[in-house]
Amino acid sequence: MTRPPTAAQRRVIDAADPVTGRLRGTESQLTALVKRGLAFRHPRPPHDHFLTPEGHRVRQGITPAPEPAGPAEAPASTGVFAARVGGEEAAADAGPARRREVHSAWQGLLELRRMTNPGGATDRPCGWERTHLVRAAALALEAAGHAPAGREGGGYRVRETPQPEAVAVHEPDGAALRACAATLEGAGWQVSEHREPRTGNRYLLASPRRA
């Protein structure tokens, strides 16, 4: 189970601006929230701190679920909320509670885009997404209703790649793979389809769009 915020951290989170997620607290408190993935430091002066999508979920009182162990090839996640990248044992659980969590995290991410992108643009990824590529792409897919892969069988899998600022999306069903591409493009990602030389299986390469 992910360790919940301390009482002092919880007070800082609860006191955040309800719209922007702007935080006020001591430097040590804010730094601790950043390390836990619940806040980020704005890159431009005056370098204020704001809640991440996970931080917004904590503020809204959504209880974190246990983190699945997952297979060895599934990237590890940190923070309160973990978008399902595919391959987790719990990926088949798509009940109402999970859908509410994903919806809340996606709305928090859109607010993060509005607060940090030039001109308040929400149609392209923000800096947080560029440093959490796999989680960001997986959240876009899960929020749009795509099914993550379980331990076995169909569903999407999002994985890191050697290319900078690019993730690979695997989905054995061709129509579902094309639907994933359309979702990511609509969420502000540049997407291209490729074929694995060894197996011939098709997959997507997706990178955050800059403009």
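Laboratory data are not the source of any read-out in this text; all were calculated from the coordinates shown. These numbers come from a predicted model, not from an experiment. When we count neighbours, we look across all protein chains shown, and the Cβ atoms used for this are built from the backbone with ideal geometry, even at glycine.
Using 0.36 nm times the number of residues separating Asp17 and Arg114, minus their current alpha carbon distance, what extension gain do you get?
Values: separation 97, 0.36 × 97 = 34.92 nm, distance 1.45 nm.
33.5 nm is the gain from fully extending Asp17 to Arg114.
Test of understanding: what is the full-extension gain from Ala175 to Asn201, defined as 0.36 nm times their sequence separation minus their Cα-Cα distance? Numbers along the way, then the final one.
Details: separation 26, 0.36 × 26 = 9.36 nm, distance 1.33 nm.
Length gained, Ala175 through Asn201: 8.0 nm.
Is it possible to state the helix-based mean residue ellipticity at 222 nm for the chain, with each DSSP H run of 4+ residues giving -39500 (n - 2.57), the sum divided by total residues, to the nearest 500 deg cm²/dmol? What is it? Let's see the in-between values first.
Values: 7 runs with 73 residues, N = 211.
Calculated at 222 nm, the ellipticity per residue is -10500 deg cm²/dmol.
If r is the Cβ-Cβ distance from Ser192 to Val34 and R0 is 25 Å, what FRET efficiency results, to the nearest 0.05? Present the calculation step by step, with values, prior to reporting the outcome.
On the way: r = 33 Å, r/R0 = 1.33.
Step by step, r from the Cβ atoms, then E = 0.15.
Quick one: angle between helix 174-186 and the longest Cα principal axis of the chain, in degrees between 0 and 90, rounded to 10, please.
Tilt of helix 174-186: around 30 degrees.
I need the calculated FRET efficiency for the pair Ala7 and Glu27, taking r as the beta carbon distance and R₀ as 22 Å, to the nearest 0.05. Could the numbers behind the result be given before it?
Numbers: r = 18 Å, r/R0 = 0.84.
So the FRET efficiency works out to roughly 0.75.
Taking H as built 1.01 Å from N, whose amide H comes closer than 5 Å to the amide H of Gln190, not counting residues under 5 places away?
Excluding prolines and chain starts, which carry no amide H, the hits are Ser207, Arg209.
Gap in Å between the Cα centre of the stretch 125-142 and the Cα centre of the stretch 167-202?
The stretch 167-202 and the stretch 125-142 have Cα centres separated by 16 Å.
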